[in-house]
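Novice: Dropping a structure here in structure tokens format, bear with me for questions.
We did not get these values from a lab; they are worked out from the coordinates using the rules stated. Remember, it's a predicted structure, so these values are computed and weren't measured experimentally. Glycine gets a Cβ as well: all are built from the backbone with ideal geometry, and neighbour counts include every protein chain shown.
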Amino acid sequence: MTKVALLADIHANFPALLAASEQIQRWKPDAVYVLGDSINRGPRPRECWRHLVKMRRERHWKLIYGNHEDYVLKFETEDAPRSGPRFEILQFVHWTYQKLSREEIQTLRSLPAQIEEHLSTGQYLRAVHASMAGLRAGIYPHTPQEKIREMIQPAPDIFCVGHTHKPLARQIGQTHVINAGSVGLPFDGNPQPSYAKIYTTLDEVRVEICRFDYDRSQAIKDFHETRFLDEGGPMVKVIYHELLSAQPLINRWNQSYEEKVLSGECTLEESVKDFLKGIHIPKFSADLKE
């Protein structure tokens, strides 16, 4: 039997990453794949990145990059915004960029977009961040089967993804499609992080989605203790409420307010304040919110 662990979308949530790492080390898989969006959209990018690099060096974890690594690397380019409304919207990304050393940025840049290999039990596995359609083309629980079939071509035996922050395990034809969900920012209304366990033999593939508890109170404190809330711009308040609510909010803000902010109809701070008025904090976070 071969055992494979999949982690995705850590988003600089260090307490959640540590808890996931402890569980995985106890399970002792043969391979661990980290499917991108390890940094950014969270308060502890440096700690998360250094931990993952250590796991790659010491335990041979395999890392790929996602769209949020791409966002951070874009601040290396000359045309990246440095002021104005567009910069203000992306200020939390720039905050992450500034937290990483030059060496860490170069290591980030060297990550592959996908990994393909045969497991010892013979199955052909491919790991990407979202799908073969692109870094932001995610596979959701509601995605139709025929659409998924298109998004995994050329179809391997095992197709591993993250990006959506919503776990799933489905079989499409002969392919096992597995979305590991999110370690750092679950978006399915369940605040427990998730990762995936894959068990393979010569003639069978079995998948288990694991949910687990971790120190969410420390994850929330990290927004304050790192000064992410103070220094990362108004959008950090939206990210903070994503952690509290276990729901995706940035895309909802984008749809309603991005063009208004870019056109000068309102300020970013005004838009975030108005947006958050309609966000309900579930009972599971009511006692944790500072």
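Novice: Given the range 227-286, what whole percent of its Cα pairs are spread farther than 15 Å?
Specialist: Beyond 15 Å sits 49 percent of the P(r) for the range 227-286.
Novice: How big is the range 1-54 in terms of Cα radius of gyration and Dmax, in angstroms?
Specialist: Calculated on Cα positions, Rg and Dmax stand at 11.2, 38 Å.
Novice: Name the most mobile residue of TRP61, TRP27, TRP49, meaning the one with the largest mean-square fluctuation, in a Gaussian network model of the chain with Cα contacts below 10 Å.
Specialist: Result for the chain, Cα springs under 10 Å: TRP27 fluctuates most.
Novice: Can you list the lysines whose alpha carbon is less than 20 Å from that of LYS277, not counting same-chain residues fewer than 8 positions off?
Specialist: Candidates past the 8-residue exclusion: LYS237, LYS260, LYS289.
Novice: Could you name the lysines whose alpha carbon sits less than 18 Å from that of LYS28, not counting residues in the same chain fewer than 8 places away?
Specialist: Correct list for LYS28: LYS3, LYS54, LYS62, LYS197.
Novice: Working from the pairwise distances between different alpha carbons, so that the mean of 1/r is found and then inverted, what is the chain's Kirkwood radius in Å?
Specialist: 19.4 Å
Novice: Could you rank the peptides 196-205, 79-88 by their average count of other C-beta atoms within 10 Å per residue, with the highest value first?
Specialist: With the highest mean Cβ count within 10 Å placed first, the list reads 196-205, 79-88.
Novice: In addition: Quick one: among PRO248, PRO29, PRO186, which has the greatest mean-square fluctuation in a GNM of the chain with alpha-carbon springs under 10 angstrom?
Specialist: PRO29
Novice: What is the gain in length, in nm to one decimal, between SER83 and ARG136 on full extension, counting 0.36 nm per residue of separation less the C-alpha to C-alpha distance?
Specialist: 16.5 nm
Novice: Which residue, GLY66, GLY36, GLY173, tops the fluctuation ranking in a GNM of the chain built on C-alpha contacts under 10 Å?
Specialist: Looking only at GLY66, GLY36, GLY173, the largest GNM fluctuation is found for GLY173.
Novice: What length, rounded to one decimal in nm, is gained on full extension from MET1 through to GLU231, with 0.36 nm per residue of separation minus their alpha-carbon distance?
Specialist: Using 0.36 nm per residue and subtracting the Cα-Cα distance, I get 78.0 nm.
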